[in-house]
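What follows is one structure encoded as structure tokens, with my remarks underneath.
The values are calculated or read from the model by the stated rules, or taken from the named source; none is laboratory data. Being a predicted model, the structure only gives us computed values, none of them experimental. With ideal geometry, Cβ positions are generated from the backbone for all residues, glycine too; neighbour counts draw on all protein chains shown. Side chains are part of the model used for accessible areas, which takes the heavy atoms of the whole protein and leaves out ligands, DNA and RNA. Shrake-Rupley method; radii C 1.70, N 1.55, O 1.52, S 1.80 Å.
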Amino acid sequence: MRGLCSQGQFPITQNVTVVEGGTANMTCRVDYNDNTSLQWSNPAQQTLFFGDKKALRDHRIELVRASWQELTIRISDVSLSDEGQYTCSLFTMPVKTTKAFLTVLGVPGRPEITGFTKPATEGDVITLTCTTSGSKPAASIRWFRNDKEVQGTKEVNATGKSFTVRSSVQFQVDKRDDGVAYTCSVEHVSLSNPYMTTEVLEVHYAPHLEITHSMIIPQEGQYFKLECISIGNPIPEPVLWSKDGGELPDTERMIVEGRELTFTTLNKTDNGTYRCEASNDLGTSSAEYKLFVYDPNALGQHGPDHALIGGVVAVVVFITLCLIIVLGRYLARHKGTYLTHEAKGAEDAPDADTAIINAEGNHVHAEEKKENVLQFKSQLLEFIYINRLC
């Protein structure tokens with residue numbers, strides 16, 4: 001019965017994946033065996049082991065386990081040429097075979113960046129190329145400008161069983177690229193962490209200058225300092241100072257130390273336009289500062305702006321006068337209307353008694369109008385008072 005089982009079964013194997021230079025264990029087993037031999041053969045159909053007997057002289061291949069149910073061999077220092085389909089044979093009648101595929105991963109080489117010759121000049125167009133060889137399957141390459149990923153163009157070429165991969169980025173440099181790091185990152189299934197290499201750019205550019213000052217309102221007798229801030233690569237130097245197009249007039253009080261111009265004690269004769277100038281291989285730049293020295297006594301006596309206050313008072317007085325004129329016209333008009341209505345009531349009466357009654361009625365209305373006028377005047381005066389306070 002066991003013999004019938006062994007004749008009807010096939011060997012059991014598993015595909016194996018290994019990194020180039022690593023070790024691969026190839027196992028073949030059967031559940032039942034009645035003293036029938038197992039055999040391993042390579043992709044070239046060369047017998048490696050027949051049972052526990054080694055058939056191929058290759059020091060990298062050795063026996064791990066040999067029994068009637070299992071045959072396991074080990075291949076050390078695996079190379080890409082070892083990849084292929086291996087065969088396990090069970091020598092029954094007929095012979096039963098099972099295939100196992102050995103996949104060898106080619107480890108990519110360390111990347112290299114080419115195409116940049118230091119230093120570059122602002123405005124140059126640069127092409128950086130990252131290259132890695134020996135990967136299988138083909139590796140992927142990513143580019144980073146500092147920490148931000150940028151896109152590159154990829155090229156893959158087969159070299160035997162492995163691949164050479166190149167990726168390029170092209171751009172025009174300016175002063176903002178000086179000191180920027182371009183990193184090439186190679187990723188592959190055989191790597192636990194990417195391989196990386198970095199190129200730090202050096203860009204030369206023309207200088208740019210500006211002047212900073214130590215105080216906003218310089219005053220006579222004070223210490224004062226101007227500093228010429230220069231940006232450029234190479235560093236622009238030396239820094240030259242001048243006043244009103246000529247040399248500094250008082251080198252005892254005006255001390256130049258590198259990029260700084262220091263006034264030990266300011267006075268009115270220091271008023272003028274100060275200029276700093278510096279150069280590098282790519283050009284010359286300059287910056288100017290107009291100095292005006294204030295009299296501290298005049299600044300101390302400087303009180304509120306009387307002209308401004310006088311203007312505000314004049315506007316308030318003008319508005320007040322306008323309101324008084326309007327009020328006067330209003331009162332005059334309504335007073336005339338009151339008298340006219342009162343007289344009209346008396347004239348239209350048929351007799352003296354009626355005239356008195358009509359007059360008294362108009363008088364009542366007149367009193368009401370007077371109260372309204374007085375209330376309006378009170379509100380107007382309050383408005384004028386508030387405006388004067390403001």
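Tell me whether the stretch 217-227 contains one or more residues that are among the β-branched types (V, I, T) and over 16 Å from K290 (Cα atoms). Don't jump to the end; show me each part of the working.
Within the stretch 217-227, the first condition is being among the β-branched types (V, I, T), and the residues that meet it are 217.
Next, from what is left, pick out any that are over 16 Å from K290 (Cα atoms): none.
No.
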Neighbours by Cβ (under 7 Å, 6+ apart or cross-chain): first from the stretch 71-94, basic (K, R); second open to solvent by 40 Å² or more (accessible area, probe 1.4 Å): R74/T23; R74/N25; R74/E62; R74/V64
Residues of the stretch 41-50 that turn out to be surrounded by 15 or more Cβ atoms within 10 Å (Cβ to Cβ) and either over 60 Å from the mean Cα position of the chain (by Cα) or touching a residue at least 60 places away in the same chain (Cβ under 8 Å) (or both), as a count: 4
Residues located in the stretch 190-218, provided they are among the acidic types (D, E), under 21 Å from the mean Cα position of the chain (by Cα) and within 25 Å of P236 (Cβ to Cβ): E202
Selected residue (criterion: modelled with the lowest pLDDT) from residues of the stretch 10-31 that are crowded, with 16+ Cβ neighbours inside 10 Å and touching a Phe, Trp or Tyr at 6+ places or on another chain (Cβ under 9 Å): V30
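For the stretch 168-189, check the following and say yes or no: at least one residue is among the β-branched types (V, I, T) and over 26 Å from the mean Cα position of the chain (by Cα).
yes
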All positions within the stretch 51-68 that are surrounded by 15 or more Cβ atoms within 10 Å (Cβ to Cβ), closer than 16 Å to I12 by Cα and of a type outside the set (G, A, S): W68
Filtered residues of the stretch 219-247 (kept if surrounded by fewer than 18 Cβ atoms within 10 Å (Cβ to Cβ), among the hydrophobic types (A, V, I, L, M, F, W, C) and part of a loop (DSSP other than H, G, I, E, B)): I235
For K290: the one exception among (1) loosely packed, with under 10 Cβ neighbours inside 10 Å; (2) at pLDDT below 95; (3) under 30 Å from I216 (Cβ atoms): (2)
Selected residue [outside the structural domain of P119 (by the TED database) and over 44 Å from the mean Cα position of the chain (by Cα)] from R259, R275, R253: R253
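Which residue, of S37, S67, is in contact with a Phe, Trp or Tyr (Cβ under 6 Å, 6 or more places away or on another chain), modelled with pLDDT under 95 and outside the structural domain of P137 (by the TED database)? Please lay out each step first, then the result.
Numbers: S67 fails: in contact with a Phe, Trp or Tyr (Cβ under 6 Å, 6 or more places away or on another chain).
Checking each option against the conditions leaves just S37.
Suppose the filter is buried (at least 19 other Cβ atoms within 10 Å of the Cβ), acidic (D, E) and more than 26 Å from L299 (Cβ to Cβ); does E277 pass it?
Values: buried (at least 19 other Cβ atoms within 10 Å of the Cβ): yes; acidic (D, E): yes; more than 26 Å from L299 (Cβ to Cβ): yes.
For E277, the condition - buried (at least 19 other Cβ atoms within 10 Å of the Cβ), acidic (D, E) and more than 26 Å from L299 (Cβ to Cβ) - is met.
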Subset of the stretch 271-293 (residues that are touching a residue at least 24 places away in the same chain (Cβ under 8 Å) and not in a strand (DSSP E or B)): D281, L282, F292, V293
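Specify the residue that is surrounded by the fewest Cβ atoms within 10 Å (Cβ to Cβ); the eligible residues are those in the stretch 86-135 that are touching a His at 6+ places or on another chain (Cβ under 9 Å) and closer than 29 Å to P207 by Cβ. Working first, answer last.
First, pick out the residues of the stretch 86-135 that are touching a His at 6+ places or on another chain (Cβ under 9 Å): 105-108, 119-122, 132, 135.
From the residues that got through so far, the ones that are closer than 29 Å to P207 by Cβ too are 119-122.
Working: P119: 15, A120: 20, T121: 13, E122: 17.
Of everything passing the filter in the stretch 86-135, T121 is surrounded by the fewest Cβ atoms within 10 Å (Cβ to Cβ).
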Hits in the stretch 187-213 (condition: open to solvent by 40 Å² or more (accessible area, probe 1.4 Å) and of a type in the set (A, V, I, L, M)): V189, M196, V200, A206
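Could you list, in sequence order, the residues of the stretch 164-186 that are in a strand (DSSP E or B) and open to solvent by 60 Å² or more (accessible area, probe 1.4 Å)?
R166, Q170, Q172
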Subset of the stretch 69-85 [crowded, with 19+ Cβ neighbours inside 10 Å and at positive phi]: none
